[in-house]
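Engineer: My questions all concern the structure below.
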Amino acid sequence: MLDSADKAVNQGIAPVTYGQGERPPRGDYASARADYTCDQRWSDHTPQEHDLYRRLYERQASQLPGLACAEFIEAVEHLGHPAQIPRFDDLSEKLYRTTKWEAVAVPGLIPEEAFFALLARRKFPVTRWLRTPEEFDYIVEPDVFHDLFGHVPLLFNPVFADYMQAYGAGGLKASRLDACELLARLYWYTVEFGLITTPQGLRAYGAGILSSAGELQYSVRSPEPSRVHFDLQRIMRTRYKIDSYQASYFVIDSLDQLFAATAPDFTPIYRAIRAQPEIEAGAVLPGERLAQ
């Protein structure tokens, strides 16, 4: 997950090893490789952690009907039995056979360029640690449940999988153009907090929504937030909130529309956006058509 907090991540890491029974701490960047990936160390998870993951999974899965898009509901079945935290290697085997993607372990939030590089190689970074029971309802930064339940399922969808790779490649270019903040907004309002129109009404496809007990209901059914039809430049101009439910959501018509949005060269788009004022989260512009 790309987040503003990645600016604070440790730099200058070097590989280290652990003895039998030792557990790497949360955010243990010293054990990561040069590309910020690391071993999952699945055997280090306790029975209590596996049970916590199961309870998180069951709570979110029970809310999906009527709120999540059909593509996600179909894809989440690939995660397998929810009684324990999945092994990344096993999951990657199925994922690679379907869309040539893999799930790779990382210590936590990673720098933008490392994140983009992994996506461009069709490798999705999954945080290896799990939240504590006290964080059951809310966690400040992404954990293994958020990344696995929220992000990985749609990587089984060929269109969304290609969108994510294109986003990663675009991110590497954006970093050279000093435009990462603009591209981060696209990720935030699509991959994390995106909504989609369906014949049955609005549904969620964003990982930040789908892994949140409260925001899943709020994003689709609450009358409070504004829901704006997808517009690339509008999204890149719009600020977002990291400490509360979103004040704005952007709505796509299909996953194909999302993939098509990554096709143009963003260089002139970045230039055009910099010439315009930013838009506050929740703002509705004059004449703007909102999704119902």
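Engineer: Regarding the stretch 166-175, can at least one residue be identified that is within 13 Å of the chain's Cα centre (by Cα), at pLDDT 95 or above and either crowded, with 20+ Cβ neighbours inside 10 Å or under 24 Å from R33 (Cα atoms) (or both)?
Structural biologist: Looking through the stretch 166-175, at least one residue is within 13 Å of the chain's Cα centre (by Cα), at pLDDT 95 or above and either crowded, with 20+ Cβ neighbours inside 10 Å or under 24 Å from R33 (Cα atoms) (or both).
Conditions tested, residue by residue: (1) modelled with pLDDT under 95; (2) in contact with a helix residue (DSSP H, G or I) (Cβ under 7 Å, 6 or more places away or on another chain); (3) among the small types (G, A, S).
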{"position": "T238", "(1), (2), (3)": "no, yes, no"}
{"position": "I242", "(1), (2), (3)": "yes, yes, no"}
{"position": "D253", "(1), (2), (3)": "no, no, no"}
{"position": "A275", "(1), (2), (3)": "no, no, yes"}
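Engineer: If you don't mind, there's one more thing I want to ask. So is A291 modelled with pLDDT under 95, surrounded by 13 or more Cβ atoms within 10 Å (Cβ to Cβ) and touching a strand residue (DSSP E or B) at 6+ places or on another chain (Cβ under 7 Å) or not?
Structural biologist: Spelling it out, A291 is indeed modelled with pLDDT under 95, surrounded by 13 or more Cβ atoms within 10 Å (Cβ to Cβ) and touching a strand residue (DSSP E or B) at 6+ places or on another chain (Cβ under 7 Å).
Engineer: Residues in the stretch 206-227: is at least one surrounded by 15 or more Cβ atoms within 10 Å (Cβ to Cβ), more than 30 Å from R131 (Cα to Cα) and modelled with pLDDT of 95 or more?
Structural biologist: yes
Engineer: Being surrounded by 14 or more Cβ atoms within 10 Å (Cβ to Cβ), out of contact with any Phe, Trp or Tyr (no Cβ under 8 Å at 6 or more places or on another chain) and either in contact (Cβ under 8 Å) with a residue 40 or more places away in the chain or among the β-branched types (V, I, T) (or both) is the filter here; which residues of the stretch 46-55 pass it?
Structural biologist: The answer is E49, and nothing else.
Engineer: Can you name every residue in the stretch 56-85 that is part of a loop (DSSP other than H, G, I, E, B), modelled with pLDDT of 95 or more and surrounded by 16 or more Cβ atoms within 10 Å (Cβ to Cβ)?
Structural biologist: Answer for the stretch 56-85, where residues must be part of a loop (DSSP other than H, G, I, E, B), modelled with pLDDT of 95 or more and surrounded by 16 or more Cβ atoms within 10 Å (Cβ to Cβ): L64, L67, C69, I85.
Engineer: Would the stretch 182-201 turn up any residue that is within 18 Å of the chain's Cα centre (by Cα), modelled with pLDDT of 95 or more, farther than 19 Å from D147 by Cα and of a type in the set (D, E, K, R)?
Structural biologist: Taking every residue of the stretch 182-201 in turn, none turns out to be within 18 Å of the chain's Cα centre (by Cα), modelled with pLDDT of 95 or more, farther than 19 Å from D147 by Cα and of a type in the set (D, E, K, R).
Engineer: Would you point out which residue out of R23, R97, R33 is in a loop (DSSP other than H, G, I, E, B) and at pLDDT 95 or above?
Structural biologist: Going through R23, R97, R33 in turn, just one is in a loop (DSSP other than H, G, I, E, B) and at pLDDT 95 or above: R33.
Engineer: Also: Could you please find all residues in the stretch 108-127 being assigned to a loop (DSSP other than H, G, I, E, B) and at pLDDT 95 or above?
Structural biologist: R121, R122
Engineer: Now a separate question. Is there a residue being under 30 Å from P111 (Cα atoms), within 10 Å of the chain's Cα centre (by Cα) and of a type in the set (G, A, S) anywhere in the stretch 209-224?
Structural biologist: Yes.
Engineer: Look through the stretch 123-142, keep the residues that are more than 14 Å from the chain's Cα centre (by Cα) and farther than 19 Å from E215 by Cβ, and return whichever of them is surrounded by the most Cβ atoms within 10 Å (Cβ to Cβ).
Structural biologist: This residue is R128.
Engineer: Can you run down the residue pairs with Cβ atoms below 6 Å, 6 or more apart or on separate chains, where the first is in the stretch 158-170 and β-branched (V, I, T) and the partner is surrounded by fewer than 18 Cβ atoms within 10 Å (Cβ to Cβ)?
Structural biologist: V159/D256
Engineer: Condition first: charged (D, E, K, R) and in contact with an Asp or Glu (Cβ under 7 Å, 6 or more places away or on another chain). Now tell me which residues in the stretch 165-181 satisfy that.
Structural biologist: If the condition is that a residue be charged (D, E, K, R) and in contact with an Asp or Glu (Cβ under 7 Å, 6 or more places away or on another chain), then no residue fits.
To keep it simple, each residue is scored yes or no on (1) free of Cβ contacts under 8 Å to residues at least 12 places away in the same chain; (2) under 17 Å from the mean Cα position of the chain (by Cα).
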| position | (1), (2) |
| --- | --- |
| C69 | no, yes |
| I73 | yes, yes |
| H78 | no, no |
| I85 | no, no |
| D90 | yes, no |
| A103 | no, yes |
| V106 | no, yes |
| L109 | no, yes |
| E112 | no, yes |
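The values are calculated or read from the model by the stated rules, or taken from the named source; none is laboratory data. Predicted model only: the values in this text are computed from it and were never measured. Methodologically, a virtual Cβ is constructed for each residue, glycine included, from the backbone with ideal geometry; neighbour enumeration extends over all protein chains shown.
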